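Shown next, in structure tokens, is the structure this report addresses.
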Amino acid sequence: MFVRRKSNKSGVVSIQVVTKINGKSKLVKTIGSSKDEVELKILVENGKHFIQTYKGQQTLDFSSPESIIKSAFKSITSHTEIGTELLLGKIFEDIGFNKVNDTLFKELVIARLSYPVSKLKTSEYLLRYKDTELPVHQIYRYLDKLYDQQKEHIQQISYEHTLKVLSGVISVVFYDVTTLYFQIDNEDEIRKRGFSKEGKHQNPQIILGLLVSIDGYPLAFDIFEGNKFEGYTMLPILDSFKRKYQLEKLIIVADSGLLSSQNIIELQQKDYEFILGARIKNETQQIKDKILAVDLKNGASEIIEKQDGLRLIISCSDKRAKKDSHNRKRGLQRLEKQLRSGKLTKSNINNKGYNKYLKMDGEIKLSIDKDKYKADAKWDGLKGYLTNTTLSKDEIIENYAHLWKIEKAFRISKHDLKIRPIYHRLQKRIEAHITINFVAYKIYKELERLLKEKKSGVSPEKAIEIAKSIYQIKAQTDGYGNIAQILLLTEKQKYLAKLFDFG
């Protein structure tokens with residue numbers, strides 16, 4: 001046996017113990033890997049020590065407990081993190097994603113849930129903690145394959161599982177968009193500068209449209225040019241989803257950002273039912289007078305019939321009124337501060353945000369229209385929902401309230417799964433990257449459901465954190481070959497193993 005230094009595409013060097021059998025090299029053990037030369041020298045010495053003590057068989061000295069333990073330690077050949085595979089890998093398979101016959105797919109999805117980093121660092125992570133050698137160029141090649149051959153199949157598997165969880169019925173879907181930015185300067189056909197929901201207006205971006213079910217399970221997604229009006233993204237995804245799964249009836253729920261007269265016309269023409277957040281202050285004067293005349297109290301709601309056959313449901317909330325009042329006061333204070341600093345000019349008089357309170361005093365002086373500011377208080381606490389459904393007003397309000405689940409999906413994707421920033425250049429790799437995140441979020445949601453079903457009191461984030469601390473050792477024994485043992489050392493590890501029946 002001898003120690004071998006093996007350079008990987010990622011720049012990491014692996015230190016391995018290798019033996020020759022019939023003239024061919026066979027890996028005995030990977031001692032470790034690093035880019036640091038000092039660490040590599042230590043690993044080489046560890047490799048040499050391993051060769052001196054490794055004999056294929058271990059003869060134990062039974063003269064003392066200490067010598068037995070030391071001899072046992074010497075027989076250990078590997079020490080790898082196994083918890084995420086036991087927890088998330090099983091969910092991956094139970095959903096049906098193992099029908100995608102590619103182990104690389106599973107590796108990337110579980111890595112996205114447990115260690116969401118760049119593809120280069122993913123390669124390093126898999127080698128260091130999983131003893132899995134996966135060069136970064138191989139990951140990139142696989143992303144191309146995923147996009148070309150597996151993307152549609154993956155979404156089909158996810159849909160079928162969600163349908164099963166929801167007892168075979170998907171009648172209400174929720175749609176929203178977010179923006180994902182890139183660490184580049186130049187635009188291209190898909191990556192464009194536009195309004196960024198993350199404040200990254202200087203970065204080219206794409207728009208991600210996501211469709212989820214009533215419990216927040218991801219159903220479908222698509223990407224669009226970064227400067228596209230978000231209202232134009234909804235119909236393409238809905239049409240594709242409805243056609244693909246041959247759905248006759250769907251109720252679409254979306255916020256007011258997706259509201260446009262053209263969208264409403266097309267939704268009706270295509271026989272969609274919808275519940276959209278309404279911009280009640282943009283209604284006709286006649287409708288606005290009707291809204292304010294109702295004089296709703298906390299928790300109350302009212303239906304206003306519109307001439308176009310649509311219904312406008314108005315609800316009132318003291319909690320929302322308090323928030324509206326607070327935001328309006330903050331907006332006023334910001335305007336007053338800008339006025340004092342002289343930063344505002346005539347060009348700032350418009351209907352954007354709180355600039356609507358600005359007015360001209362004479363030829364050159366700007367001031368705040370306090371009457372308009374006070375008049376806005378009449379709208380505090382009011383929320384509108386535009387619909388063509390026959391649902392009751394309470395059902396409409398309740399369905400719309402589920403939109404927070406899609407906001408949660410975006411939040412988890414951005415902060416926990418770290419879907420952005422995106423470093424890929426080719427559109428197919430961008431979509432493949434998002435597909436990996438789509439599957440990771442699906443597994444996250446199923447983990448969340450199972451933890452709740454088991455009344456565990458553990459969050460998905462905590463369960464994953466515990467799983468990451470569970471390791472497995474393998475040892476070479478006298479006459480028994482390799483033996484593997486999962487190390488469940490803490491009460492939390494044992495509890496998780498009991499919940500999901502592993503270990």
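The values are calculated or read from the model by the stated rules, or taken from the named source; none is laboratory data. Note that this is a predicted model, so its numbers are computed, not measured. Glycine also receives a Cβ, built like all others from the backbone with ideal geometry; neighbour counts cover every protein chain displayed. Protein only, heavy atoms only, side chains kept; ligands, DNA and RNA dropped before computing areas. Shrake-Rupley method; radii C 1.70, N 1.55, O 1.52, S 1.80 Å.
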Scoring only Lys, Arg, Asp and Glu (+1, +1, -1, -1) among other residues with Cβ under 14 Å from the Cβ of TYR217 yields +3
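In what order, largest first, do ARG141, ARG334, ARG193 sit by accessible area if the probe radius is 1.4 Å? The partial results should precede the final answer.
Details: ARG141 140, ARG334 120, ARG193 95 Å².
Order by accessible area, largest first: ARG141, ARG334, ARG193.
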If only Cα atoms are counted, what is the Rg of the chain, and what is its Dmax, in Å?
29.5, 102
As an exercise, identify the chymotrypsin sites (Phe, Trp or Tyr not before Pro) in region 448-500 lying in DSSP coil whose Cβ has no more than 11 other Cβ atoms within 10 Å.
TYR480
Calculated FRET efficiency, LYS26 and LYS70, Cβ-Cβ r, R0 30 Å, to nearest 0.05?
0.65
Give the accessible area for THR284 in Å² (nearest 10); use a 1.4 Å probe, count only protein heavy atoms, and leave out ligands, DNA and RNA.
80 Å²
Once phi is turned into ³J(HN,Hα) by the Karplus curve 6.51 cos²θ - 1.76 cosθ + 1.60 with θ = phi - 60°, what whole-Hz value does each residue of region 302-319 show in order, with x for glycine and proline?
8, 9, 10, 7, 9, 5, 7, x, 7, 10, 10, 9, 10, 10, 10, 9, 5, 4
Report the charge-dipole magnitude of the chain in Debye, nearest 20, computed about the Cα centre from +1 at each Lys and Arg Cβ and -1 at each Asp and Glu Cβ.
1400 debye
I'd like the accessible area for PHE105, computed on protein heavy atoms only with a 1.4 Å probe and all protein chains in place. Round to 10 Å², please.
0 Å²
Okay, helix-only estimate at 222 nm for the chain: each DSSP H run of n ≥ 4 adds -39500 (n - 2.57), divide by all residues, round to 500 deg cm²/dmol; what do you get?
-13000 deg cm²/dmol
Under 17 Å from the 7 Å Cα→Cβ point of ARG320, by amide nitrogen: which residues of region 378-411?
378-388, 392-405
With Cα atoms, 0 to 90° folded angle of helix 119-130 axis to the chain main axis
40 degrees
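How much length is gained if the chain between ASN350 and ALA401 is pulled fully straight, taking 0.36 nm per residue apart and subtracting their Cα-Cα distance, in nm to one decimal? All intermediate terms of the calculation are to be shown ahead of the outcome.
Working: separation 51, 0.36 × 51 = 18.36 nm, distance 3.14 nm.
Roughly 15.2 nm would be gained on extension.
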For LYS462 and LYS35 in the same chain, what is the full-extension length gain: residue separation times 0.36 nm, less their Cα-Cα distance, in nm?
150.6 nm
Over 22 Å, how big is the tail of the calculated P(r) for region 71-197, in percent of all Cα pairs?
56 percent
For MET1, MET360, MET234, the accessible-area ranking with a 1.4 Å probe, largest leading, is MET1, MET360, MET234
Accessible area of TYR232, 1.4 Å probe, to the nearest 10 Å²?
130 Å²
Contour minus end-to-end for ILE265 and GLN427, with contour as 0.36 nm per residue of separation and end-to-end as the Cα-Cα distance?
55.2 nm
Please go through the residue pairs LYS29/LYS462; LYS26/LYS99; LYS323/LYS365; LYS408/LYS462; LYS319/LYS405; LYS228/LYS352 and name each one whose alpha carbons sit more than 25 Å apart in this structure.
LYS29/LYS462; LYS26/LYS99; LYS323/LYS365
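Report the per residue volume, in Å³, of the convex hull enclosing the C-alpha atoms of region 345-486. Walk me through the intermediate numbers first.
On the way: hull volume 44.2 nm³, N = 142.
Roughly 311 Å³ of hull volume per residue.
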Return the distance in nm (one decimal) between the two label points of a simple spin-label model at THR80 and ASP94, each offset 7 Å from Cα along Cα→Cβ.
2.3 nm
In region 363-410, GluC sites (Glu not before Pro) in a DSSP loop with at most 12 other beta-carbon atoms within 10 Å:
GLU363
Let me know the shape class of region 191-286, please: from the alpha-carbon gyration tensor, a ≥ b ≥ c as square roots of the eigenvalues, rounded when a/c is under 1.5, otherwise prolate if a/b is greater than b/c, or oblate.
oblate
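With a 1.4 Å probe and all protein chains kept in place, how do LYS249, LYS322 rank by accessible area, largest first? Provide the component values of the computation, followed by the final result.
Working: LYS249 125, LYS322 155 Å².
Descending order: LYS322, LYS249.
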Given a 1.4 angstrom probe, what's the average accessible area per residue across the chain, in square angstrom?
53 Å²
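With r as the distance between the Cβ atoms of ARG334 and ARG279 and R0 = 25 Å, compute the FRET efficiency 1/(1 + (r/R0)^6) and round to 0.05.
Details: r = 22 Å, r/R0 = 0.90.
For ARG279 and ARG334, the calculated efficiency is 0.65.
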